[in-house]
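Heads up: the structure comes next, in structure tokens.
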Amino acid sequence: MNINTAFEKQKELKQKANRLPLNPGVYIMKDKDGKIIYIGKAKALKNRVTQYFGAGNQHTEKVRKMVSNVFDFEYIVCTSEFEALILENSLIKQNQPKYNILLKDDKGYSYIKITNDKWKKIESAKMIDKNCEFIGPFNSGYIVKETVAEAKKIFKLPDCNRDFDKPSKPCLNFHIGLCEAPCKGNISLKDYLENIENAKEFIKNGDSEAVSIEKLTEKMFEASENLQFETAAKLRDRINAIKKIREKQRVVSISYKSQDVIASAFIGETACVEILIFRNFKLTDKQHFFIDGFSNKEALYNEFLTGFYSNKTDIPSRILLDYEVTDFKTIEEWLSKKADKKVNLINPKQGEQLKILEMCLNNAAENLSEKTERTGREMSALNELAKLLGLENPPRIIEAYDISNTAGSENVAGMIVFKDGRPYKAGYKRFKIKGFSGQDDYRSMAEVLDRRFNEYETGEDEHFKTLPDLILLDGAKGQISAVLPILKKHNINVSVFGMVKDSKHRTRAIATTGGDIAIKSNRKAFTLVTNIQDEVHRFAIGYHKKLQTKNLLKSELLEIDGIGKKRAEALIKHFKSIKKIKEATVEQLCEADGINLDTANRIFTFFNKT
């Protein structure tokens with residue numbers, strides 16, 4: 001489809017969408033072959049569907065791609081948004097459209113495997129075979145891995161693939177007391193296999209904490225009475241290890257018997273949704289999903305929650321969510337009907353529940369950082385900054401601005417870009433203030449933002465085509481007040497804050513039009529903002545000093561007879577420094593644009609007077 005045909009098709013679809021009713025319903029997007037590619041629900045069909053065929057710059061890449069493939073659409077009017085949600089869910093299950101979130105629960109069962117080697121090992125496994133012993137199946141791969149790790153720590157079993165019949169130097173685990181070091185010959189095969197059997201018993205009866213510790217305590221006292229002090233000491237260490245692990249488990253226990261905790265982290269249009277599943281007061285499983293094509297939590301959860309729970313039978317009565325739940329009343333009603341009990345979506349603000357939600361969010365950030373090669377610290381800093389500033393989502397693109405001058409001379413500005421928490425130097429820009437002379441930081445900042453958004457509107461500069469998610473100005477309330485009318489003039493909806501320094505020129509707070517937000521207690525966000533403020537200051541002042549140096553060079557050259565402004569600039573451009581001009585021969589000076597032999601002789605004589 002060529003550009004003109006595509007434009008006409010979009011125009012035709014928009015006209016059709018404008019004729020839709022304002023009733024709740026489901027819309028069904030189809031491609032040129034009549035295949036369903038997307039299904040959605042709406043409170044008001046006309047309002048929702050017309051959005052697809054206008055304001056294209058506001059769509060995510062996924063939506064733009066989907067819309068470009070839409071050849072026609074159908075719709076079904078419903079009596080309520082709740083009815084639309086049920087119908088949408090049913091149609092998605094039947095048709096599996098390409099552009100809907102399709103969550104595949106392919107993790108299957110997990111097992112604990114005891115190998116059949118001479119020196120047996122305990123491992124987690126996805127499949128069973130005839131040559132090994134297996135405990136399971138288990139629904140949760142997370143629980144299997146945690147249980148295997150616990151058993152290895154308690155019974156000091158190796159976590160390597162060495163040949164224990166060939167003595168070798170023990171690894172770090174031996175030195176920190178986590179392994180008996182069969183590789184060194186520290187333990188006999190008989191005792192090692194006994195530890196494996198004890199670990200198996202522990203795994204099979206792991207839920208019976210009191211019984212496990214009680215039995216081990218009896219054995220410890222028995223060994224002590226029989227003067228088997230080394231055995232008694234090992235049993236004591238084993239008891240302490242179990243208690244330590246139980247304490248660790250209590251850290252992630254909750255005061256509610258069952259609940260799910262859901263949080264998401266974003267980088268651009270890629271999200272990681274993390275789910276922590278608590279049952280019987282303990283964390284029993286965790287899952288995460290990577291989803292593309294969403295840039296905010298509301299749109300993501302509107303699809304994700306119905307997709308995730310559509311095939312679940314074990315839906316808890318409490319689901320914690322890192323987003324205001326008032327937007328999901330229809331989904332809450334659907335969950336309650338599906339679970340045959342009242343299900344509450346909750347966005348906690350304090351206490352134990354908020355801490356668990358933050359733990360879930362940190363896990364989402366860590367998983368996303370691995371996928372996108374960003375550090376967990378960078379992800380956490382962006383999430384922390386968004387929360388501190390009341391932003392809906394972590395800012396992927398941050399633009400920062402600073403003004404630099406000396407008593408009004410060489411008035412310049414620097415613009416830097418941080419993308420996904422890191423400097424994006426391809427987006428850095430320098431500005432000379434052109435609208436006035438003299439020193440006025442407020443007017444300077446307003447001029448720079450005006451020029452920046454003019455570039456956005458023309459679309460000629462590739463790096464100005466994308467709007468930032470956040471603008472930070474080096475300054476306080478005055479700078480913010482100066483640029484807000486500029487944003488209004490260009491109809492730009494981007495959050496603007498100032499970066500305030502203390503008397504020692506260190507970042508102190510974030511400024512708003514209503515006052516300052518203390519930031520030092522939010523360590524990761526504080527470090528990020530400090531780095532941004534230092535970098536934009538370095539960039540702006542570096543440009544200012546460069547112009548100052550250039551002018552100083554020019555002023556010295558202008559003292560030479562026959563050297564005007566153009567020739568001075570040509571010399572500086574060619575030789576880069578006054579030092580190299582002074583060291584140049586007459587022949588070399590002639591190589592600069594506009595410098596003839598007579599002028600070259602005068603320059604050489606000027607700098608080489610005896």
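For this structure, a couple of remarks:
- Dimensionless Rg over Rh [region 3-95; C-alpha; Kirkwood]: 0.96
- Each peptide among 296-304, 429-437, 395-403 gets the average number of other Cβ atoms lying within 10 Å of its residues, and from highest to lowest they stand as 395-403, 296-304, 429-437.
- For region 268-290 and region 590-610, distance of Cα centres in Å: 74
- Reciprocal of mean inverse Cα separation for region 492-608 (Kirkwood radius, Å): 17.8
- Calculated P(r) of region 397-548 - Cα pairs past 21 Å, %: 41
- From the alpha carbon centroid of region 422-437 to that of region 473-499 is 16 Å.
- Compactness of region 259-373 - radius of gyration and Dmax, Cα, Å: 13.5, 42
- Between helix 81-95 and the chain: long-axis angle, C-alpha atoms, 0 to 90°, nearest 10: 80
- In terms of other Cβ atoms within 10 Å, 66, 359, 415 run from fewest to most in the order 359, 66, 415.
- Evaluated with a Cβ-only charge set (Lys, Arg +1; Asp, Glu -1), the chain carries a dipole of roughly 540 debye about its Cα centre, given to the nearest 20.
- Among the trypsin sites (Lys or Arg not before Pro) in region 298-331, those located in a DSSP loop and surrounded by at most 16 other Cβ atoms within 10 Å of their own Cβ are 312.
- For residue 590, neighbours were defined as the other residues whose beta-carbon sits under 13 Å from its Cβ, and their charges (Lys and Arg +1, Asp and Glu -1) total -2.
- The chain, helix-only ellipticity at 222 nm - DSSP H runs n ≥ 4, -39,500 (n - 2.57), divided by all residues, nearest 500: -14500 deg cm²/dmol
- Of the residues 128, 442, 608, the one whose Cα sits farthest toward the positive end of the charge dipole of the chain, with +1 on the Cβ of Lys and Arg and -1 on the Cβ of Asp and Glu, is 608.
- Tilt relative to the chain, helix 229-251 - C-alpha long axis, 0 to 90 degrees, to 10: 60
- Relative contact order computed over region 277-382 (Cα-Cα under 8 Å; 6+ residues apart), in percent: 20
- Selected from 10, 24, 229, residue furthest toward positive end of dipole (the chain; charges at beta carbon): 10
- Radius of gyration and Dmax over the Cα atoms of region 379-443, both given in Å: 15.3, 43
- Only Lys, Arg, Asp and Glu carry charge here, each on its Cβ (+1 for the first two, -1 for the last two); on that basis region 397-548 has a dipole of about 460 debye about its Cα centre.
- Relative to the longest principal axis of the Cα atoms of the chain, the long axis of helix 297-309 makes an angle of roughly 20 degrees.
- Once the gyration tensor of the Cα atoms in the chain is diagonalised, the equivalent ellipsoid follows with semi-axes of 59, 40, 23 Å, ordered largest first.
- The share of C-alpha pairs in region 558-607 whose separation exceeds 15 Å stands at 32 percent.
Quick note: the coordinates plus some simple rules give every number you see, no bench work behind them. Bear in mind the structure is a predicted one, so any value in this text is a computation, not a measurement. Positions of Cβ are backbone-derived with ideal geometry, glycine not excepted, and every protein chain shown enters the neighbour counts.
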